[in-house]
Every structure is written in C-alpha cells, then in structure tokens.
Amino acid sequence: MFKKIISYFFPITKKIKSVHNGYLELTVVNGRTVLDTSNTNYSYGSLQRVLKFSLEHTDVSHAENVLLLGLGGGCVLKTLWNEFNYKGNVTAVDIDPVIITVAEKEFGILPDGKTRIVCADAQDFVKDDIDKFDLIIIDLFIDNIVPEKFLQQEFWKDVLKKVNNNGTIIFNTLCTPFTDIQPIEAKLKRRGFQSHVYRYVERTNKVLIANYHLEGC
Ligand SMILES: C[S@@+](CC[C@H](N)C(=O)[O-])C[C@H]1O[C@@H](n2cnc3c(N)ncnc32)[C@H](O)[C@@H]1O
C-alpha cells in the first residue's frame with residue numbers, strides 16, 4: 001500500500017533480467033504496475049489500450065476459445081475478462097519463462113480450468129498444436145521488433161489452419177520500426193479473409209484484424 005502511495009509522486013522501477021527479452025522493467029506509476037522493455041511498453045500501458053481498441057473492432061461475443069501468442073504480463077486477458085465479460089477458454093503462449101513468472105507473480109495471471117499457459121516458441125506451438133480457435137491474438141515482440149519469422153508464410157500457413165469459421169485474427173505490430181504486413185494481408189485476402197489494417201493506433205501501432213467467414217455457413 002505504501003509503495004502505491006509513493007508511486008503517485010515518484011515512479012518506482014524494478015529491473016528483471018531475461019535471456020529472451022533483455023531487461024524487463026516493472027514500474028509502479030500512479031498506483032498501477034506497467035511492464036516495459038528498453039524501447040517499448042510490453043503490458044498494462046499503451047499496449048493495453050491498443051489491444052482494447054482491437055477487441056472493440058472484433059466480435060468477441062461468440063468466441064469460446066482464444067489463443068494468445070505472446071503472453072507478456074497478460075494485460076489483454078484482463079481486458080477480455082474484465083471489460084468484455086469473456087468467460088471462455090484461453091491458451092496463452094510465451095517463449096520466456098521469466099515473463100510467465102512475472103505474469104503470475106505481479107499480475108495474477110494463473111493457469112486454471114479455463115486458462116492454459118504454455119512456455120514455448122509460438123512458431124513451434126502453431127505447428128504442433130491441433131486445437132482450433134475463435135480468436136487468435138498475435139502479439140509477439142522482442143523489445144520493439146516483431147521477429148522476422150512471424151512475418152513469413154510458413155508461420156501464417158500454420159496460423160490459418162487454427163482459425164475456426166467465423167473466427168478472427170488480431171495481429172499487433174508497431175508503425176516504427178516499419179513492419180511490412182502487406183504480404184500477410186494479401187495472403188489473408190486470397191484465403192477468403194476480410195481484413196482491415198488500423199494504422200497509428202495510440203499513435204504508434206499498426207493492427208491487422210482479419211475475419212474468416214465461410215460462405216453459406
Ligand atoms: C508485447 S509482449 C505481449 C503482451 C501481452 N499480449 C499482454 O497482453 O500483456 C510480447 C511477448 O512476445 C513474447 N515472444 C517473443 N518472441 C516469442 C516467440 N518466439 N514465441 C513465443 N513468445 C514470444 C515475448 O516474450 C513477450 O512476452
């Protein structure tokens with residue numbers, strides 16, 4: 001409680017070293033904890049607003065299974081549960097065991113009957129896992145970079161196999177550094193997805209939202 005009060009006057013930062021993400025910074029500011037890396041917000045700051053915007057442009061009401069690639073501190077799960085009243089299943093994947101511990105200890109993101117947390121490379125996960133999902137949120141960064149392999153056809157081929165009919169994919173990227181998502185958008189259109197790219201969300205992010213709808217179903 002004392003820490004929370006002090007944080008209204010002086011932000012308090014704790015640094016945690018991670019092999020995958022470099023130095024993670026947990027900062028208590030105005031009574032709230034945010035998770036940052038050296039160059040960007042990872043969770044509970046502007047990123048949470050970007051993902052909330054994305055969910056507002058998605059029909060979450062029929063979703064029963066959500067796949068989150070990139071758990072971070074899990075702020076989008078809090079948004080889904082608290083602001084969209086989401087009650088379905090969640091599978092959250094992250095490569096970094098340090099991040100998974102931070103999500104658990106600092107933000108209370110714990111596995112339970114409806115929430116599965118997997119420590120794995122997202123690329124391996126989408127290749128090996130056989131489940132399908134109504135909503136797939138792809139939020140994969142190392143600091144402020146989306147790793148190149150998540151822009152490649154191989155990864156997207158596996159992702160597309162995991163979307164249910166009437167399902168949605170949200171792909172979060174940054175405007176700077178520039179991430180070329182045009183080939184992904186073109187592939188999605190060829191595969192019958194309706195997609196839209198929202199630019200400068202929170203002035204920094206570029207979000208692709210794609211819906212899959214099979215004719216006649
Ligand atoms: C911006 S954070 C995700 C924030 C999160 N979606 C939230 O709601 O708080 C990006 C995450 O991507 C993870 N990541 C990066 N490369 C990955 C990979 N190859 N496989 C799985 N996770 C990865 C990082 O460890 C980091 O936790």
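Just so it is clear, none of the values below were taken in a lab; they were calculated from the coordinates. None of the values given here were measured: they were computed from a predicted structure. Here the Cβ positions follow ideal geometry from the backbone for every residue, glycine too, while neighbour counts run over all protein chains shown.
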Among residues of segment 139-191, those that are in a helix (DSSP H, G or I), within 16 Å of the ligand (Cβ to nearest atom) and not acidic (Asp, Glu), counted: 6
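Looking for whichever is within 12 Å of the ligand (Cβ to nearest atom), out of contact with any Phe, Trp or Tyr (no Cβ under 8 Å at 6 or more places or on another chain) and among the hydroxyl-bearing types (Ser, Thr, Tyr) here; the options are THR115, THR79. Which one fits?
Checking each option against the conditions leaves just THR79.
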Restricting segment 27-66 to residues that are in a helix (DSSP H, G or I) and hydrophobic (A, V, I, L, M, F, W, C), the residue that is surrounded by the fewest Cβ atoms within 10 Å (Cβ to Cβ): PHE53
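From the set of residues in segment 121-131 that are assigned to a loop (DSSP other than H, G, I, E, B) and over 17 Å from the mean Cα position of the chain (by Cα), which is nearest to the ligand (Cβ to nearest atom)?
The extreme case among them is ASP129.
Restricting to segment 131-149, and then to whatever is free of Cβ contacts under 8 Å to residues at least 60 places away in the same chain and surrounded by 14 or more Cβ atoms within 10 Å (Cβ to Cβ), can you tell me which residue is farthest from ASN89 (Cα to Cα)?
The qualifying residue farthest from ASN89 (Cα to Cα) is ILE145.
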Test: residue in segment 92-112 that is surrounded by fewer than 21 Cβ atoms within 10 Å (Cβ to Cβ), part of a loop (DSSP other than H, G, I, E, B), of a type in the set (Asp, Glu) and without any contact (Cβ under 8 Å) to a residue 60 or more places away in the chain: yes
Only listed residue being more than 8 Å from the ligand (Cβ to nearest atom) and within 22 Å of ILE209 (Cα to Cα), chosen from SER61, SER38: SER61
Residue check, GLY45 in contact with a helix residue (DSSP H, G or I) (Cβ under 6 Å, 6 or more places away or on another chain) and not polar (S, T, N, Q): no
